[in-house]
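Here is the structure we will look at.
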Amino acid sequence: MLKIAPTERFSSRVETYVRFRPSYPPGVIDVLRDECGLSRESVIADVASGTGLLTRLLLQNGNRVFGVEPNPDMRRAGEEYLAGFPNFTSVAGTAESTTLPDHAVGLITSAQAAHWFKREEALKEFQRILKPSCYLALVFNDRQVKGSVFADDYEELVVKYGTDYSEVQRLGRIFEGDEFFAPFKCEKRTLPNHQVLNYPALEGRLLSSSYAPQAGDPSHEPMLADLRRMFDKHQRGGLVRMEYDTNIYFGKL
C-alpha cells in the first residue's frame, strides 16, 4: 500500500471534512482562558489549522490568529470558511517550520493533528515562536469507541474496512500520557461533545476519515452497504448520535 505523507492525507477529503467533521464545544475557550492564560489580546498560532473549525472559535473570542496549514486544499477551504474575520492570517507552513517570527505568539493551539507531527522538530519550533512562559494546547475530538451498541458497531466497521486504522489508533494513543510534551509536563481536561447525524451525514463523517476506502476501492461499496444496515438498525427518527470526548492537553515549553 502506498504510504501517504501526513500533510497530504486529507487532500481528497476536504469537502467531506468541511461538511461532516464535528466542531469543538465552546468550553474549549473556557479551558484555554482558565488554564492557559488566554485573553482577547492573545495572539495565537493555530498549527495545522485545516479547514478552520478550532480557528473559528478563537476568532469569535476576538483573538488574532495565524492559521498555519501545510496542505493547500485544506488551507484554501479554511480561508473561505474564515473570510469574514479580519483578525485571521493564513500561513503556508508546517508544525516543524511555521515561518512565524521568534516569540511572536502567546499561545499555540493544534486540533486533531499533533499525532502527525515530527515531535522533536515541532517542539523546537514551538519554543522558538512562543513568548516566554506561554502554553501549547493540543485539542482532539476523540470518538467514543465503547459505551453504546452504536459505538461498538461503528468501531467494528472501521476496524474491518479501515485501510490503516490500526496505525492511526497507535499514533493517537501517544496523548494518553506525557509522551508528546516530554521532557515538559502537560495536563488534561475533557469536555463532552457529540453529533446528531442522518444517514448522508453519517456516511460523510465516515468518508472524511483518512483511513476510509474511497470510491473505486473494492472495499468502498461493501463498507457503505454495512454502514447503511448499521444506520437502519440504530436510527431513531432518522437520526443517530455519535459521542465524543473533546480532550485538551496543555503545558508550558
Handout entry: Candidates ARG189, ARG170 - the one that is among the basic types (Lys, Arg), modelled with pLDDT under 95, out of contact with any His (no Cβ under 8 Å at 6 or more places or on another chain) and closer than 26 Å to LEU138 by Cβ
Key = ARG170
Handout entry: Residues of region 115-156 classified as aromatic (Phe, Trp, Tyr) and under 16 Å from the mean Cα position of the chain (by Cα), total
Key = 3
Practice task
Kindly indicate whether THR109 is outside any loop (DSSP other than H, G, I, E, B) and either within 22 Å of TYR244 (Cα to Cα) or at pLDDT below 95 (or both).
Solution key: yes
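For region 78-97, name all the residues that are part of a helix (DSSP H, G or I) and within 16 Å of SER110 (Cβ to Cβ).
GLY78
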Handout entry: Candidate set: region 3-46, residues that are under 14 Å from GLN112 (Cα atoms) and of a type in the set (Phe, Trp, Tyr); chosen: the one modelled with the highest pLDDT
Key = TYR24
Problem - PHE66 being aromatic (Phe, Trp, Tyr), in a loop (DSSP other than H, G, I, E, B) and either touching a residue at least 12 places away in the same chain (Cβ under 8 Å) or within 18 Å of ARG19 (Cα to Cα) (or both) - result: no
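The values are calculated or read from the model by the stated rules, or taken from the named source; none is laboratory data. Remember, it's a predicted structure, so these values are computed and weren't measured experimentally. Please note: Cβ atoms are built from the backbone with ideal geometry, for glycine as well, and neighbour counts cover all protein chains shown.
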